[in-house]
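The values are calculated or read from the model by the stated rules, or taken from the named source; none is laboratory data. Source: prediction; values computed, not measured. For neighbour counting, all protein chains shown are included, and Cβ atoms are generated from backbone atoms with ideal geometry for every residue, glycine included.
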Amino acid sequence: MIGYTYYHAQDAETTLSGILILSYSSCDSPVDWSSDAGLQAHVNIGRRTQAALEASGLAVGWDGSVYQPSRFMCNGAVAVLVFLKPEDTDP
C-alpha cells in the first residue's frame with residue numbers, strides 16, 4: 001500500500017447535500033515536505049485518487065498542486081443510507 005483516502009464524521013453531513021469531501025495521504029509517515037520526492041509521492045496519491053473518483057462520475061475540485069490542502073471536494077455525490085437489522089449482519 002502506498003497511500004490512502006478517507007473521510008471522517010465531520011464531513012459526512014456534506015454528503016447529504018451532494019458534496020463528498022475526502023482527504024488523502026501517502027503512507028510515508030510523516031510525509032517529507034522538505035524533499036521533492038516526498039512531495040511528489042504525496043501528490044501522486046492525490047492524482048490516483050482523483051482519477052478513480054472522476055472515473056466514477058464525480059466532478060473533483062482539486063488542481064493537482066501540493067500547495068492545495070490534501071482534500072477533495074467532489075460534486076455529484078449521492079448519499080445512500082443502508083440500515084441493517086441485527087440479524088442481517090455477520091458476527
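Values as computed for the structure displayed
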| item | result |
| --- | --- |
| Filter result for W62 (on the phi < 0 side of the Ramachandran plot, hydrophobic (A, V, I, L, M, F, W, C) and modelled with pLDDT under 80) | no |
| Region 1-57 - residue that is among the hydroxyl-bearing types (S, T, Y) and in a strand (DSSP E or B) and, of those, surrounded by the most Cβ atoms within 10 Å (Cβ to Cβ) | S26 |
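Quick grid of which residues meet (1) under 16 Å from G64 (Cα atoms); (2) modelled with pLDDT under 80; (3) more than 13 Å from the chain's Cα centre (by Cα):
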{"site": "D11", "(1), (2), (3)": "no, yes, no"}
{"site": "T14", "(1), (2), (3)": "no, yes, yes"}
{"site": "I21", "(1), (2), (3)": "yes, no, no"}
{"site": "D28", "(1), (2), (3)": "no, yes, yes"}
{"site": "V31", "(1), (2), (3)": "no, yes, yes"}
{"site": "S34", "(1), (2), (3)": "no, yes, yes"}
{"site": "G38", "(1), (2), (3)": "yes, yes, yes"}
{"site": "A41", "(1), (2), (3)": "yes, no, yes"}
{"site": "R48", "(1), (2), (3)": "yes, no, no"}
